[in-house]
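Trainee: Pasting a structure here, questions to come.
The values are calculated or read from the model by the stated rules, or taken from the named source; none is laboratory data. Just so we're clear, the structure is a prediction, and the values are computed from it rather than from any experiment. When we count neighbours, we look across all protein chains shown, and the Cβ atoms used for this are built from the backbone with ideal geometry, even at glycine.
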2 protein chains.
Amino acid sequence: MHSPELLKGTLQTIVLKVLKDNGRMYGYEITQRVKELSDERILLTEGALYPALHKLEAEGMLRTETETIGKRVRKYYSLTPQGRSLVKERVSEFVEFIKTMGNVLQLQIK
Amino acid sequence: MHSPELLKGTLQTIVLKVLKDNGRMYGYEITQRVKELSDERILLTEGALYPALHKLEAEGMLRTETETIGKRVRKYYSLTPQGRSLVKERVSEFVEFIKTMGNVLQLQIK
DNA sequence: AATAATACATAAGTGAATTATGTATCTAAG
DNA sequence: CTTAGATACATAATTCACTTATGTATTATT
């Protein structure tokens, strides 16, 4: 990302929405999916991602299942019903935000 | 603003663009214009605005003129040529950002 | 055999913001 | 007339989401 500042505050929204769209995923998989969707522009850092996942889990938004592949442990995350409604909220907040910014910056991308 | 987190990193862009569109403005005037354009959703705080203006001035992006109205002092800011090119850069960065986010969040607001 | 990718985790540090505080003038209300 | 709210600037203290750094361990590639 050229301007990482702008990304602030979008992490939860991104994680939740990607989980909604892709179902059950593990942390590393999320980083790769976001990298792909953003054409290399958004590279989630582990130091931000894992604490965010733990927090969302603690708040009851995500549920986890641990799976062992060979000798490697993977922690799969999926949305709880509460998490499902949070995604909607976060995404509409973001849409609202870009509409407002569009007005302030006089962008014609309606 | 419902989600003030999202606003992080947008202050410079907002200030520069509003100055570009409205010409010469003073600090308080900027807060009021942004409030108006955002329909009360973006309320710039003085603690963020004034340091940002000082920084942009120190970097040669803004030029100031002081005017005294009655006994009140107003500091008018306007863009320098350098500031003009920075606005373009910041605004395209922001447009790029919302395009990328649109892809990641699968928003159909093209 | 070494390097990169996969996969998790957490602690330390950063920096752009919020919050708090201070000064001072002008205007409207009661 | 005096008090509250708006106008107008400024800066210091604090917050907190993030980056950076570090750690462990497995698997794949060269």
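Trainee: With the structure loaded, tell me whether B:LEU11 is of a type outside the set (Asp, Glu) and buried (at least 20 other Cβ atoms within 10 Å of the Cβ) or whether it fails that test.
Mentor: Values: of a type outside the set (Asp, Glu): yes; buried (at least 20 other Cβ atoms within 10 Å of the Cβ): no.
Taking the combined requirement at face value, the residue does not satisfy it.
Trainee: Ok, one more. Tally the residues that are buried (at least 16 other Cβ atoms within 10 Å of the Cβ) and either near DNA strand C (Cβ under 9 Å from one of its atoms) or away from chain B (no Cβ under 14 Å) (or both), restricting the search to the range A:81-91. Steps first, please.
Mentor: Of all residues in the range A:81-91, those buried (at least 16 other Cβ atoms within 10 Å of the Cβ) come to A:83, A:86-87, A:90-91.
Next cut, either near DNA strand C (Cβ under 9 Å from one of its atoms) or away from chain B (no Cβ under 14 Å) (or both) only: A:83.
Looking only at that region, the number is 1.
Trainee: A further question on this structure: If only one of A:GLY83, A:GLY102, A:GLY60 is small (Gly, Ala, Ser) and in a loop (DSSP other than H, G, I, E, B), which one is it? It would help to see each step written out before you state the result.
Mentor: On the way: A:GLY83 fails: in a loop (DSSP other than H, G, I, E, B); A:GLY102 fails: in a loop (DSSP other than H, G, I, E, B).
Matching residue, one of A:GLY83, A:GLY102, A:GLY60: A:GLY60.
Trainee: Can you tell me which residue in the range B:1-38 is farthest from DNA strand C (Cβ to nearest atom), limited to those that are among the polar types (S, T, N, Q) and more than 8 Å from chain A (Cβ to nearest Cβ)?
Mentor: Filtering the range B:1-38 for residues among the polar types (S, T, N, Q) gives B:3, B:10, B:12-13, B:22, B:31-32, B:38.
With the extra rule that they be more than 8 Å from chain A (Cβ to nearest Cβ), the set shrinks to B:12, B:22, B:31-32.
Details: B:GLN12: 6, B:ASN22: 20, B:THR31: 11, B:GLN32: 15 Å.
Out of the qualifying residues, it is B:ASN22.
Trainee: Out of the residues in the range B:39-72 that are more than 15 Å from B:GLN12 (Cβ to Cβ) and within 14 Å of chain A (Cβ to nearest Cβ), state the one that is surrounded by the fewest Cβ atoms within 10 Å (Cβ to Cβ).
Mentor: Only one residue tops the list, namely B:GLU40.
Trainee: At pLDDT below 95 and closer than 16 Å to A:MET101 by Cβ: is that true of B:ILE14 in this structure?
Mentor: Working: at pLDDT below 95: no; closer than 16 Å to A:MET101 by Cβ: yes.
So B:ILE14 does not fit the description; no.
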